[in-house]
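Everything below concerns the one structure shown next.
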Amino acid sequence: MLNHKTSVHFVNTEGDGNKILVVPTFILLYWKKFIFTIGGVLTLLLVIVGIFIYQKTSDHYQEELNRANSIKKQIDIQKLKESFKSIDESMHRVNQFMMQRGLQTFKMKNVGGEEGFEIEDVNEVSAFYAKYIEDLEKAIVNVPMGKPHDGEITSHFGTRENPFSGFGAETHSGIDFRGKTGEAIKSTAKGRIIKAGVNGGYGNCVMIEHGYQLQTLYGHLSKINVKVGDEVNVGDVIGELGNTGRSTGPHLHYEVHFKGQRINPEQYLNFK
């Protein structure tokens, strides 16, 4: 049977191109079984491939799920709440600093301390604080803080003994920093130069407008590095320490003006 052949004659109805195909006889006798076997093998292969793909996909999904759960376990929700609460308290202190100086405070709700804070809220709350702090930074950069010079403060704001005659008293409208001629004098806040030149007893003087009705004045300079209209940032060198004008020796005279009034610059040197 296995060696037996059967000829299959294919006849063209138009009378030409007839073909004869010789095939093993057992294939013709058992063609249904052959088709079933081949179909079964193909189906089995498809099932194996499907199981392999599913297993790979399932393993990847499980790995990602395990990773997400691991990250979730590492996040201490209570610690996050405490951190956000700490930020709230810091913002409150900054607002106190602004309010004491007559400046507009920043309003925000206590996001970190609210009940119902869940892990899904972390990104939203973090974005909220990031935007808030960015807005705060933009505003506070215009508030004069810190020292324009690192020298020792030799004369404070208010009434003092006349430094020229030694007799009587006079009102001192700023604070004085001791130093050497030529040392750098820096802007204590971002702003625009509104005066740069000789200004009476101040000698060579620079005055900066910072917004929020705040100005700073730097007197007795030996050299001025800016001109009216210039924009300056915090820490920019605007001139050099000197002894010009009504002065008893090399020093910087520094003033802070708010709403047109001279106020004590020492309250702007540090957060208190």
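The numbers here are math on the coordinates, done by the rules we state, and not lab data. Quick caveat: nothing in here was measured; it's all calculated off a predicted structure. Glycine also receives a Cβ, built like all others from the backbone with ideal geometry; neighbour counts cover every protein chain displayed.
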Below 14 angstrom from the Cβ of VAL232, what's the summed charge of the other residues (Lys, Arg +1; Asp, Glu -1)? +1
For the range 210-215, Karplus-derived ³J(HN,Hα) couplings (6.51, -1.76, 1.60; θ = phi - 60°; whole Hz; x for glycine and proline) come out as 10, x, 6, 6, 10, 9
Please report, in cubic angstrom per residue, the volume enclosed by the convex hull of the alpha-carbon atoms of the range 153-268. 93 Å³
